[in-house]
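Before any comments, here is the structure.
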Amino acid sequence: MAEYDVLADAAGLVAAARSLAAGTGPVAVDVERASGFRYSQRAYLVQVFRRDAGIFLFDPPAIGDFDPLQEAIGDAEWVLHAASQDLPSLRELGLEPASIFDTELAARLLGHARVGLAAVVEDTLGISLAKAHSASDWSARPLPQAWLEYAALDVEHLVDVRDALAAELAEQGKTRFAEEEFRAVLEREPKPAREEPWRRLSGLHAVRGRKALAVARSLWMAREEFAQAEDVAPGRLVPDRALVAAVLADPKSKQELAGLKEFTGRASRTQLDRWWAAIERGRAEKDLPLERAPRGDSLPPPRAWADRNPAADARLKAARPAVEEVATALSMPVENLLTPDLLRRVAWAPPEPVTAQSISRALAELGARTWQIEQTAQVIADAFVASAQTTATTSDAAS
C-alpha cells in the first residue's frame with residue numbers, strides 16, 4: 001500500500017502548488033468533510049491530482065491560507081465528482097475554479113445507470129475503488145493511512161474518467177449540453193436559508209397544536225445553537241426523535257424530563273438545564289407558529305390540481321409524457337432534461353399565447369438552460385395546445 005503524507009503547513013503548500021502549476025492538463029479536486037459528525041460543512045482534507053505533478057493531500061484547518069494553491073491551479077479546468085457538494089467547502093477556503101468538468105453530472109447526461117464515483121470509475125476505466133471510508137469522521141487527527149489511500153484514489157483516476165466521459169459526450173452529441181450544465185453549477189447562487197428550518201425535525205408530524213409546536217421550535221433552536229458552538233452534528237447531541245418525544249411527553253418538571261427514557265443522546269442529560277430552559281421558553285412564547293408552514297411561492301401538489309386548476313392539470317398531464325419521451329430518446333433521466341418543478345410552473349401559469357417561442361422565454365426566465373429549452377419548448381407548447389383543444393371539445397360536447 002502506498003504511503004501518503006498530509007501537507008499541513010505553508011511551506012508544504014507552496015512546494016505542492018509549484019509542482020501543480022508545472023503539471024499538465026485538468027486538475028482533479030476532491031474534498032472530505034465530517035458530515036454527520038460536525039455541525040459545519042468545512043473541508044477537513046483536500047485532495048488534488050494533476051498529470052506530471054502527482055497527488056497532494058492538504059490539511060485545511062492546519063494550513064488556513066490556500067492562496068498559493070489558488071494561484072497555481074485557478075485558471076485550469078477542475079474535475080470534480082458531484083461538484084455542487086464540494087464547491088461550497090472549497091470556496092470557504094478561497095479555492096474557486098474558472099471552469100469545471102463534473103463527472104457525476106456527465107454520467108447522468110449520458111444515461112449511465114450508476115453515477116456514484118466508484119461506479120463511474122469502474123464503468124469507464126474498469127477499476128474498482130473501495131468506498132469503505134466515505135462516511136468516516138475526517139476531522140479526526142491523525143488520519144489513518146487506509147483513509148488517506150481511499151482519499152487519494154478519489155482523485156488519482158478522475159482525469160482519466162473525465163477524458164472517457166468527454167469522448168462519450170462527443171459521440172452522443174451532448175458536449176454542449178454538458179458545458180452548459182457545468183457552467184450552471186459553477187454560477188448557481190446558494191439556496192436561501194429556509195424560513196422555518198425547525199420544521200424539518202423528523203417526526204414533527206406527530207406534534208399537534210401551536211403551543212406544542214412552539215416548544216418543538218424552541219428545543220430545535222437550543223440544540224442548533226449548542227451544536228454550532230461545539231461544531232458537532234445536532235443529531236449526535238440529541239436526536240430528532242428525542243426532541244419530539246420530549247414535546248409529546250409534555251414533562252411537568254426538569255426531573256420528569258430527565259426520567260423520560262425516550263429522551264436520549266449524549267447531551268440529553270449533561271445539558272439538561274439547557275433543554276428544560278428551552279421547553280419553558282417555548283411554553284411562554286406568545287408568537288406561536290402556524291400549524292402548517294406557509295407555502296411561499298411553492299405550487300400546490302399536482303394531486304390537488306384537478307380541483308384547484310383543472311386547465312393546468314390537463315396541461316401537465318399532456319406535457320409530462322411528451323417530455324419523458326424526449327428524455328428517453330436522449331437516453332438521460334427526465335429530471336436532467338427538465339426538472340419537474342420547471343414543468344409544473346410553466347404548466348400552472350403558461351404564457352399567452354402558447355407558442356414554442358413564448359414557452360422558451362418562460363423556461364428561460366425560470367432558469368432552464370438553452371439546450372434544455374431547445375429540446376423541450378416545442379413539445380411542451382404542442383402538448384399545451386392539444387390539451388386546450390381537448391378541453392374545449394369536451395366542454396362543447398357536455399353543453
Roughly how compact is the stretch 298-399, stated as its Cα Rg over 2.2 N^0.38 Å to two decimals?
1.05
Solvent-accessible area per residue, Å², over the chain with all protein chains present [probe radius 1.4 Å]
50 Å²
For the peptides 67-77, 38-48, what is the packing order when you average, over each peptide's residues, the other Cβ atoms within 10 Å and list the highest mean first?
38-48, 67-77
Is it possible to state the helix-based mean residue ellipticity at 222 nm for the chain, with each DSSP H run of 4+ residues giving -39500 (n - 2.57), the sum divided by total residues, to the nearest 500 deg cm²/dmol? What is it?
-16500 deg cm²/dmol
Kirkwood estimate for the stretch 92-251, i.e. one over the average of 1/r between Cα atoms, Å:
19.8 Å
Length gain on complete extension for the stretch residue 193 to residue 286, per 0.36 nm per residue less the alpha carbon to alpha carbon distance?
31.1 nm
Cα-derived Rg to Rh of the stretch 175-277, Kirkwood definition:
1.19
Cα-based reach from residue 317 at 17 Å (exclusive), listing aspartates and glutamates while leaving out same-chain residues under 8 positions away:
307, 325, 335, 341, 382
Report the residue, chosen from 161, 354, 79, that carries the largest GNM mean-square fluctuation when the chain is represented by alpha-carbon nodes joined by springs under 10 Å.
354
Could you pull out every one of the aspartates and glutamates with an alpha carbon less than 16 Å from that of residue 252, ignoring same-chain neighbours closer than 8 positions?
262, 273, 280
Taking all protein chains as present, what is the carbon and sulfur share of the accessible area of the chain, in % to the nearest whole number, probe 1.4 Å?
50 percent
What does the charge add up to near residue 72, with Lys and Arg as +1, Asp and Glu as -1, over the other residues with Cβ less than 11 Å from its Cβ?
-1
What percent do you get for the relative contact order of the chain when only Cα pairs under 8 Å and 6+ apart count?
14 percent
What do the square roots of 5 times the Cα gyration tensor eigenvalues come to for the chain, in whole Å, largest first, as semi-axes of the equivalent ellipsoid?
40, 38, 16
Return the sequence-ordered ³J(HN,Hα) values of the stretch 199-209 in whole Hz as given by the Karplus equation 6.51 cos²θ - 1.76 cosθ + 1.60 applied to θ = phi - 60°, using x for Gly and Pro.
5, 7, 4, 5, x, 4, 4, 7, 8, 10, x
What do you get for trypsin sites (Lys or Arg not before Pro) in the stretch 47-128 restricted to DSSP loop and a cutoff of at most 13 other Cβ within 10 Å of the site's Cβ?
114
Kyte-Doolittle mean at least 0.0, axial Cα span of 27 Å or more - DSSP H helices of the chain:
310-330, 370-398
Once the other residues with Cβ under 15 Å from the Cβ of residue 187 are scored (Lys, Arg +1; Asp, Glu -1), what is the net sum?
-1
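The values are calculated or read from the model by the stated rules, or taken from the named source; none is laboratory data. Just so you know, these numbers come straight off a predicted model, no measurement behind them. So basically every Cβ, Gly included, is an ideal-geometry build from the backbone, and we count neighbours across all protein chains shown. Surface areas here come from the heavy atoms of the whole protein model, side chains and all, with no ligands, DNA or RNA. Shrake-Rupley method; radii C 1.70, N 1.55, O 1.52, S 1.80 Å.
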